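Shown next, in structure tokens, is the structure this report addresses.
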Amino acid sequence: MRVMVVGGGGREHAIIKKIKQSPKVTEIFALPGNGGIAADATCVDIGAKDLDNIVKFAKENSIEFAIVAPDDPLVMGLVDLLKAEGIPCFGPTADAAIIEGSKAFSKDLMKAYGIPTAEYETFEDLEEALAYLENCKIPVVIKADGLALGKGVIIAETKEQAQKAVRDMMEDKVFGDSGNVVVIEEFLTGPEVSVLSFTDGKTLIPMVSSMDHKRALDGDKGLNTGGMGTIAPNPYYTKEIAIQCEEEIFLPTMIAMNKEHRSFSGCLYFGLMLTPDGPKVIEYNCRFGDPETQVVLPLLDSDLFEIMEHVANGTLADAEVNFADDAACCVVMASEGYPQSYEKGYEITIPEDVDTVYVAGAKLSEDGKLLTNGGRVLGVTERGATLEEAIEKAYKSVEKVSFDNAFYRKDIGQRALKAKEN
Ligand code: AMP
Ligand code: GLY
């Protein structure tokens, strides 16, 4: 089958490497892909938000199955357009992708269907939002309603910070129209867990749990990033908690979306916080997480492409979905300065014996060299029988990969290891 994958980061590289193992997949096109993905797929220079040209490409190149990975094209309705052309897709239609596209929508959904989440209020008016902050508990969390490249969440430690965040979003429009509406939310505490799931709207199968490391520096210090590393499974996510989440969060969410006539098909991502009052939803994503995918898919022992076909056909109940009991660790290597300004264009060296490198921000030079081209450059994943082993192997491999100005966190997985001791 001729398969098209929309997107061009480490997550898409992980999806591509996995579907490549399927005997059903004969050719893979990545739109736009990147210099590293070019080793595993044919990269086509069409951006993930260029919907018209993506559809045109799919038609002209007889694409038989499309996987839409990033949030933007999903929320913009790419799956709707491709399906209208008769192309089967893995990914939700726009009316379901709103679960990530609008935080006000997802909060109201959770409230209406009794799904545990932080207390909140939604505001369309700046003065009303500011008045609310006068008497609310601090710290408080301010969220832009729409997509904001993962940066639309501010944890305000003081009233002044909260006021500034609301003004930035609603008055100065730092996130554009995404800040027309803001959600002001209760600050929750507890370990965070990411759970990705396959669902066709009738069946929901959670994947192995994982833990992201969002801050730039060791010890969870520094600025928020797109993710500096991940481990799976997440030791805080015990069997008991998993059962509770399925009953109180996952299935109720799937059913709620059906009741709203927004049946969700694709990968539904649950960002959870295990609070003293039980697990609560911090966020939904309408797609695979990045860099969670880079530890979850290497642990999948089944055929990812077949599962995706089942999801698209509405026959997920018939799919074989098995995860190994092993652990995995992904360490992201970034350009010094990320998530702020950084230099690019440095040559990347990856020795043959480093097996699993998922490339995110890199391009090929005219003479075929792989050059850094982004903040997060690549992720190195290793699998082990235990979490300790996976972490040790991942860092050994990281030391073999090199480029100028590289930096990475040295403590990916350490918090998880401590949790296991307790
Ligand atoms: P999000 O973009 O929604 O994933 O939020 C980014 C991060 O902000 C989350 O991973 C949490 O660490 C933190 N966060 C979001 N909402 C809350 C909340 N209500 N209480 C505490 N932390 C939060
Ligand atoms: N790792 C968080 C996300 O993909 O949004």
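Out of curiosity, is F187 aromatic (F, W, Y), within 24 Å of the chain's Cα centre (by Cα) and buried (at least 16 other Cβ atoms within 10 Å of the Cβ)? It is false that F187 is aromatic (F, W, Y), within 24 Å of the chain's Cα centre (by Cα) and buried (at least 16 other Cβ atoms within 10 Å of the Cβ). Among the candidates L78, L126, which residue alone is over 21 Å from the mean Cα position of the chain (by Cα) and more than 16 Å from ligand 2 (Cβ to nearest atom)? Exactly one of L78, L126 is over 21 Å from the mean Cα position of the chain (by Cα) and more than 16 Å from ligand 2 (Cβ to nearest atom), namely L126. Taking the criterion of being more than 14 Å from ligand 1 (Cβ to nearest atom), in a loop (DSSP other than H, G, I, E, B) and under 16 Å from G150 (Cβ atoms), the only residue of region 169-190 that qualifies is V174. Within region 157-174, not a single residue is under 19 Å from D290 (Cβ atoms) and in contact (Cβ under 8 Å) with a residue 12 or more places away in the chain.
Counting only helices (runs of 4 or more DSSP H) wholly contained in region 36-154, the ones carrying 2 or more residues that are within 30 Å of K369 (Cα to Cα) and open to solvent by less than 10 Å² (accessible area, probe 1.4 Å) occupy 51-60. Of all residues in region 289-332, those being within 16 Å of ligand 1 (Cβ to nearest atom) and out of contact with any Phe, Trp or Tyr (no Cβ under 7 Å at 6 or more places or on another chain) number 4. In region 207-221, the qualifying residues are those that are more than 16 Å from ligand 2 (Cβ to nearest atom) and not in a helix (DSSP H, G or I), and the one that is least open to solvent (accessible area, probe 1.4 Å) is L217. Residues in region 398-416 that are assigned to a loop (DSSP other than H, G, I, E, B) and on the phi < 0 side of the Ramachandran plot: V401, F403, D404, Y408, R409, K410, D411, I412.
Go through A69, A58, A97 for me and flag whichever is in contact with an Asp or Glu (Cβ under 8 Å, 6 or more places away or on another chain) and over 28 Å from Y284 (Cα atoms). Before you say what the answer is, go through the steps one by one.
Working: A69 fails: over 28 Å from Y284 (Cα atoms); A97 fails: over 28 Å from Y284 (Cα atoms).
One residue alone meets the criteria, A58.
Considering region 1-35, the residues that are part of a strand (DSSP E or B) and among the small types (G, A, S) include one that is nearest to ligand 2 (Cβ to nearest atom), namely G7.
The condition of being buried (at least 21 other Cβ atoms within 10 Å of the Cβ) and under 18 Å from the mean Cα position of the chain (by Cα) holds for G7.
Tell me, yes or no, whether region 283-296 has at least one residue that is open to solvent by 60 Å² or more (accessible area, probe 1.4 Å) and either within 14 Å of ligand 2 (Cβ to nearest atom) or not hydrophobic (A, V, I, L, M, F, W, C) (or both). Write out each step before concluding.
At the first step, the residues of region 283-296 found to be open to solvent by 60 Å² or more (accessible area, probe 1.4 Å) are none.
No: region 283-296 contains no residue that is open to solvent by 60 Å² or more (accessible area, probe 1.4 Å) and either within 14 Å of ligand 2 (Cβ to nearest atom) or not hydrophobic (A, V, I, L, M, F, W, C) (or both).
Here C267 clears all of (1) touching a residue at least 60 places away in the same chain (Cβ under 8 Å); (2) away from ligand 2 (no atom under 16 Å from the Cβ); (3) closer than 23 Å to L304 by Cβ except the condition numbered (2).
Is it true that some residue in region 273-284 is more than 16 Å from ligand 1 (Cβ to nearest atom), out of contact with any helix residue (DSSP H, G or I) (no Cβ under 6 Å at 6 or more places or on another chain) and among the small types (G, A, S)?
Just the residues of region 273-284 that are more than 16 Å from ligand 1 (Cβ to nearest atom), to begin with: none.
Scanning region 273-284 turns up no residue that is more than 16 Å from ligand 1 (Cβ to nearest atom), out of contact with any helix residue (DSSP H, G or I) (no Cβ under 6 Å at 6 or more places or on another chain) and among the small types (G, A, S).
Considering Y269, Y236, the condition of being open to solvent by less than 50 Å² (accessible area, probe 1.4 Å) and within 15 Å of ligand 1 (Cβ to nearest atom) is satisfied by Y269 alone. Picking from residues in region 155-169 that are under 26 Å from the mean Cα position of the chain (by Cα) and buried (at least 16 other Cβ atoms within 10 Å of the Cβ), the one that is nearest to P73 (Cα to Cα) is M169. Here region 297-317 is the region considered, the condition is being under 26 Å from Y358 (Cα atoms) and not aliphatic (A, V, I, L, M), and the residue that is nearest to ligand 2 (Cβ to nearest atom) is P298. Only residues that are within 16 Å of ligand 2 (Cβ to nearest atom) and open to solvent by 50 Å² or more (accessible area, probe 1.4 Å): list them for region 190-206, please. E192, the sole residue that qualifies.
The values are calculated or read from the model by the stated rules, or taken from the named source; none is laboratory data. The structure presented is a predicted model; accordingly, all values stated were derived computationally and were not measured. Virtual Cβ from ideal backbone geometry, glycine too; neighbours counted across all protein chains shown. Calculation scope for accessible area: heavy atoms of the full protein, side chains included, ligands and nucleic acids excluded. Shrake-Rupley method; radii C 1.70, N 1.55, O 1.52, S 1.80 Å.
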